[in-house]
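Notes for the one structure printed next.
What follows is calculated from the coordinates using simple rules that are stated; it is not laboratory data. The model shown is predicted, which means the values in this text are computed figures rather than measured ones. Please note: Cβ atoms are built from the backbone with ideal geometry, for glycine as well, and neighbour counts cover all protein chains shown.
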Amino acid sequence: MNRFVLDASVAVAWVAGTLVDPYAAAVQRYVTNGWRVIVPTLWPLEVANGLLMIERRRALTTADADRGLLDLETFLASRAEVDQTPSPMREVADLARMYRLTVYDAVYLGLAKRAGLPLATLDKGLRVAAAKAGVVLLK
């Protein structure tokens, strides 16, 4: 089975507006074609925060944000696997330091690296770090 690590930035882009980013749409086609998604335990919190921030900027209504959250909860329950492996704080902090990432982004990088899976992200800094760390980006 084909699998990849999904960063919250891509999932938020799926539901955050009328025009879906072309890369996010391409990633969504992988899911439609049966690829399995792996996410860290922080993923639901990051997705909820991302949609709330967009709502606060008034780019989404509360109803649209809630609909997006429901869609992504359904997606998580049916198409994704939450990796339960704890992320050691020092290991994640080391990755964050090495690649100048947030600790949250370092969790995605560490998961992809540890699992030997491609990473799907819209975050430019995380894309650069993945390339430097030898992590394949989902195309």
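Between the residues 54, 16, 107, the greatest Cα displacement towards the positive end of the dipole of the chain, with unit charges on the Cβ of Lys, Arg, Asp and Glu, is found for 107.
Based on every Cα atom in the stretch 45-89, Rg and the maximum pairwise Cα distance Dmax equal 13.0, 37 Å.
Over the stretch 3-130, Cα pairs under 8 Å with separation of 6+ residues give a relative contact order of 37 percent. Taking 0.36 nm per residue of separation and subtracting the current Cα-Cα distance, fully stretching the chain between residue 85 and residue 19 would add 20.3 nm. If the segment from residue 61 to residue 78 were pulled out straight at 0.36 nm per residue, it would be longer than the present Cα-Cα gap by 3.6 nm. Could you tell me the calculated FRET efficiency between residue 124 and residue 98, based on Cβ-Cβ distance and R0 = 22 angstrom, to the nearest 0.05? The value I calculate is 0.80. Charge tally around residue 120: other residues with Cβ under 15 Å, Lys/Arg +1 each, Asp/Glu -1 each, net +1.
For the chain, modelled as a GNM whose springs connect Cα atoms under 10 angstrom apart, the maximal fluctuation among 22, 118, 40 occurs at 22. Residue separation of residue 32 and residue 45 scaled by 0.36 nm, minus their Cα-Cα distance, works out to 2.3 nm of gained length.
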